[in-house]
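> Sharing a structure, written as structure tokens. Questions coming.
Please treat every number below as a calculation from the coordinates, not as lab data. None of the values given here were measured: they were computed from a predicted structure. Cβ sites come from the backbone with ideal geometry, for glycine too, and all protein chains shown count toward neighbours.
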Amino acid sequence: MTGYLIFDDSVHIKPKGRKIGGLGKHYSHRKGRVVTGHCMFAGLYVLLGHQCPLQAHMYRSRTVCEQECEPFRSKIDMAVDEIEHFKPV
């Protein structure tokens, strides 16, 4: 049986957000420009027609991580981590 891991890095636009943690500038393919908001890295495991959502994580740009004194993780780093620690149902 074959299961599928699907990842997404959608931007959630926050046009009025100013003091929300992790807020940053991200390119939105839907808007075709850089917007203010959060970029969520989410995953989905699909097996035999069943969909199992994985824990979502907020992506922070390098600049925001430096401002918040947090370690930077690229979206590729996040995907590799999810794949390496994935335990199928």
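> Can you tell me how much longer the chain between ILE20 and ASP77 gets when fully stretched, taken as 0.36 nm per residue apart minus their C-alpha distance, in nm with one decimal?
Full extension of this stretch gives 18.1 nm more.
> Additional query: Hey, what number do you get for the chain at 222 nm if only DSSP H runs of n ≥ 4 count, each worth -39500 (n - 2.57), divided across all residues, to the nearest 500?
When only DSSP H runs of four or more count, the value is -5000 deg cm²/dmol.
> How would HIS50, HIS26 line up from fewest to most surrounding beta-carbon atoms within 10 angstrom?
Going from least to most buried by this count: HIS50, HIS26.
> Another one. Could you state the number of Å between the C-alpha centres of the stretch 55-89 and the stretch 5-53?
13
> Within straight cross-link reach of LYS16, meaning Cα distance under 23 Å, which lysines are found once same-chain residues fewer than 8 apart are removed?
List returned: LYS25, LYS31.
> Which of the trypsin sites (Lys or Arg not before Pro) found in the stretch 1-51 are loop residues per DSSP with 13 or fewer other Cβ atoms within 10 Å of their Cβ?
Sites meeting the loop and neighbour criteria: LYS16, ARG18, LYS19, ARG30, LYS31.
> Rank the residues ILE76, ILE6 as a footprinting-exposure proxy: fewest other Cβ atoms within 10 Å of their Cβ go first.
ILE76, ILE6
> Oh, and also: Fully extended, how many nm does the chain gain between LEU48 and VAL34 (0.36 nm per residue separation, minus their Cα-Cα distance)?
1.3 nm
> Relative to the longest principal axis of the C-alpha atoms of the chain, give the angle of the C-alpha long axis of helix 75-84, reported between 0 and 90° and rounded to the nearest 10°.
Tilt of helix 75-84: around 30 degrees.
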